[in-house]
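Enquirer: Following this message is one structure expressed as structure tokens.
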Amino acid sequence: GLAFVLGSLLTRGIIKPINKIIHISRKFSSGDFSHKILLDSKDEIQELGDTLNMMADSLEDKIKKVEIKNQQLKAILESMVEGIIVTDKSGHIISLNPTVEKIFNILKQDAEGKLFLEIIPNNDIADIINYVLKNGKFKSCEISLVWPVHRYLEINAAPIFEKDSISGCLLVIHDITEIRRLETMRRDFVANVSHELKTPLTSIKGFVETLLEGALLDKENSRHFLQIIQSHANRLDNLVNDLLDLSHLESQEIKLEKEKVNLKALTDDILASFRSQFKKKAIQVSNDLNRDVFIIANKEKIDQVLTNLIDNAIKFNQEKGSIKIYSQDLDDKIKIFVEDSGIGIPEKDIPRIFERFYRVDKARSRELGGTGLGLSIVKHIVELHGGSVGVESTEGFSSKFWFILPK
Ligand code: ADP
């Protein structure tokens, strides 16, 4: 009987703490570290409990660090401008970031776990992934994407290794559409400038040669030739001046000295300088701007905007036509219109009319002394003032150019 009592007391003393250890260890294994093993003995079981408590503390600490690292990685991936795709060794997508969702118009939850080609039907990229997974080597190339929208992409693909074997592929996708667009624009611009310079230069050279070869002695003709040379030299002068204006406006350092400008008074001064041209074409002009309207702007530049628009309104107007200049109040902004009764602009040309060197009729514009840069200078100046420009036009009837400026 005594042996039984002693035996059961002893077993209870061992089994109870062990049960406690099992219970709390189960909580540890499910990730709950909020409880600790607390025993009040001083034996080996107590030591086991303390060791398990220490292990739990260090595990909790490590899990916390991994979680923080994961959060940081997620934040980096989500804020990256480059697209990131990670695949496993069989080419199934493991993860991708929001930039990839945007570029390919797909959703992360639809893509994860699927084969790359099932989600993004692009053989060029699939070939790169296959190459990297097969050879374990880095590969970089540029591709042109036609779906969902036309884009140029630079793809950098790298293998992911686990120990010594390839476990997946990491794709870094750079959208270089804008860079390519700017390169094309720059190339076109250089080609356009060269062409615009070459035409008057060839004419000047031709007429100078004719004069040197004897035409100089023919008084009547030589005067005519010299007038042609002069008009081409003027064209070159206009072109170089417009190019200098544009490059100045486009340079980052430009700082506008602003002052209080009375639009009506400024327009009156400009119209006075065009008086002889109005007379020549018998054009009726009206300046209906409100005398009390003032804006804070760079006077010289706004003068250039109005001058370019009025100059076009004369050049592309009919004989006995009309030009009206008026404004509309838009609270803290003002919209200024320069309306003419001229040849108008075909609807298809309107979206491109403010581009450099864009003209509806190249020959006619050159004949009238135009450089094709006037409207792009207008757009630049207005945008530098925080405004916008536009045009409404009916071909063969009228054009209404407008610009909005903050007051
Ligand atoms: P430019 O007048 O030197 O040719 P612009 O940049 O000022 O160059 O104008 C570009 C083109 O826009 C012109 O060649 C012309 O075809 C068209 N355009 C501009 N203003 C008018 C207007 N008021 N009426 C009709 N067409 C216009």
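The values are calculated or read from the model by the stated rules, or taken from the named source; none is laboratory data. Just so you know, these numbers come straight off a predicted model, no measurement behind them. Don't worry about glycine lacking a Cβ; one is built from the backbone with ideal geometry, like all the others, and counts go over all protein chains shown. The accessibility values were calculated without ligands, DNA or RNA, using every heavy atom of the protein model including side chains. Shrake-Rupley method; radii C 1.70, N 1.55, O 1.52, S 1.80 Å.
Enquirer: Under 20 Å between alpha carbons, and skipping anything fewer than 8 positions from LYS27 in its own chain: which aspartates and glutamates qualify?
Expert: GLU47, ASP50, ASP57, GLU60, ASP61, GLU67
Enquirer: Can you work out the PRE-style zone for LEU52? Point 7 Å along Cα to Cβ, and I want the residues of segment 1-34 with backbone N under 16 Å.
Expert: 13-34
Enquirer: Next question. Cα to Cα, under 22 Å, and not fewer than 8 places away if on the same chain: which lysines meet these conditions relative to LYS219?
Expert: Cross-link targets: LYS205.
Enquirer: Could you state how much accessible area ARG356 has, in square angstrom rounded to the nearest 10, with a 1.4 Å probe and all protein chains kept in place?
Expert: Number for this one is 60 Å².
Enquirer: Between GLY387, GLY369, GLY214, find the one with the highest GNM mean-square fluctuation for the chain; connect C-alpha pairs within less than 10 Å.
Expert: GLY214
Enquirer: P(r) tail for segment 219-349, what percent of Cα pairs lie past 19 Å?
Expert: Taking all Cα-Cα pairs of segment 219-349, the fraction more than 19 Å apart is 63 percent.
Enquirer: If I take every Cα pair under 8 Å that is 6 or more residues apart in the chain, average their sequence separation and divide by the length, what percent do I get for the relative contact order?
Expert: Value for the chain: 9 percent.
Enquirer: When ligands, DNA and RNA are left out and all protein chains stay put, how many square angstrom of accessible area per residue does the chain have with a 1.4 Å probe?
Expert: Value returned for the chain: 62 Å² of accessible area per residue.
Enquirer: Same structure, new question: In whole Hz, with x marking every Gly and Pro, tabulate ³J(HN,Hα) for segment 320-329 from phi via Karplus 6.51 cos²θ - 1.76 cosθ + 1.60, θ = phi - 60°.
Expert: For segment 320-329, the Karplus curve yields 6, x, 9, 9, 10, 10, 8, 9, 10, 7 Hz.
Enquirer: May I ask you to compute the full-extension gain from ARG186 to SER144, defined as 0.36 nm times their residue separation minus their alpha-carbon distance, rounded to one decimal in nm?
Expert: Working: separation 42, 0.36 × 42 = 15.12 nm, distance 1.99 nm.
Taking ARG186 through SER144 to full extension adds about 13.1 nm, to one decimal.
Enquirer: Okay, moving on. So for the pair ASN221, LYS74, with labels modelled 7 Å out along Cα→Cβ, what separation do we get in nm?
Expert: 8.6 nm
Enquirer: Looking at this model, which pairs from LYS16/LYS36; LYS108/LYS137; LYS280/LYS324 are more than 20 angstrom apart at the alpha-carbon?
Expert: LYS108/LYS137
Enquirer: ASN156 versus ARG291, label points 7 Å from Cα toward the beta carbon: distance in nm?
Expert: So the label points at ASN156 and ARG291 sit 6.6 nm apart.
Enquirer: Which log10 I(q)/I(0) values, to two decimals, does the chain give at q = 0.07 Å⁻¹ under the Debye formula with one point per Cα?
Expert: Results for the chain at q = 0.07 Å⁻¹ read -0.64.
Enquirer: Which length gain, in nm to one decimal place, applies between ASN123 and ASP40 when the Cα-Cα distance is subtracted from 0.36 nm times their residue separation?
Expert: Between ASN123 and ASP40, full extension yields 23.1 nm more.
Enquirer: Indicate the helices, whole DSSP H runs only, in the chain that combine a mean Kyte-Doolittle hydropathy of -0.5 or more with a Cα extent along their long axis of 30 angstrom or more. Before the final figure, lay out the partial values.
Expert: On the way: long enough: 2-29 (40 Å, 0.75); 44-79 (52 Å, -0.53); 177-212 (52 Å, -0.20); 219-250 (46 Å, -0.59).
Going by DSSP H runs, the hits are 2-29, 177-212.
Enquirer: Can you tell me the FRET efficiency between LYS114 and ASP164 if r is taken as the Cβ-Cβ distance and R0 is 30 Å, rounded to the nearest 0.05?
Expert: Working from the Cβ atoms, E equals 0.60.
Enquirer: Assign unit charges at the C-beta atoms only (+1 for Lys and Arg, -1 for Asp and Glu), then state the dipole size of segment 221-342 relative to its Cα centre in Debye, rounded to the nearest 20.
Expert: Around 620 debye, computed over segment 221-342.
Enquirer: Between their Cα atoms, which of LYS379/LYS400; LYS89/LYS134; LYS69/LYS89; LYS279/LYS301; LYS258/LYS407 are more than 21 Å away from each other?
Expert: LYS69/LYS89; LYS279/LYS301
Enquirer: So if R0 is 25 Å, what FRET efficiency would ASP268 and ASP331 give, r being the distance between their Cβ atoms, rounded to the nearest 0.05?
Expert: 0.45
Enquirer: Please enumerate, by chain and number, the lysines with C-alpha under 19 Å from the C-alpha of LYS102, excluding those fewer than 8 residues away in the same chain.
Expert: Result set, ordered by chain and number: LYS74, LYS114.
Enquirer: Within segment 35-53, which residues have the backbone N less than 17 Å from the label spot 7 Å out from ARG26 along Cα→beta-carbon, could you tell me?
Expert: 35-38
Enquirer: Roughly how many nanometres apart are two label points built 7 Å out from the Cα toward the Cβ at ARG12 and VAL193?
Expert: 9.9 nm
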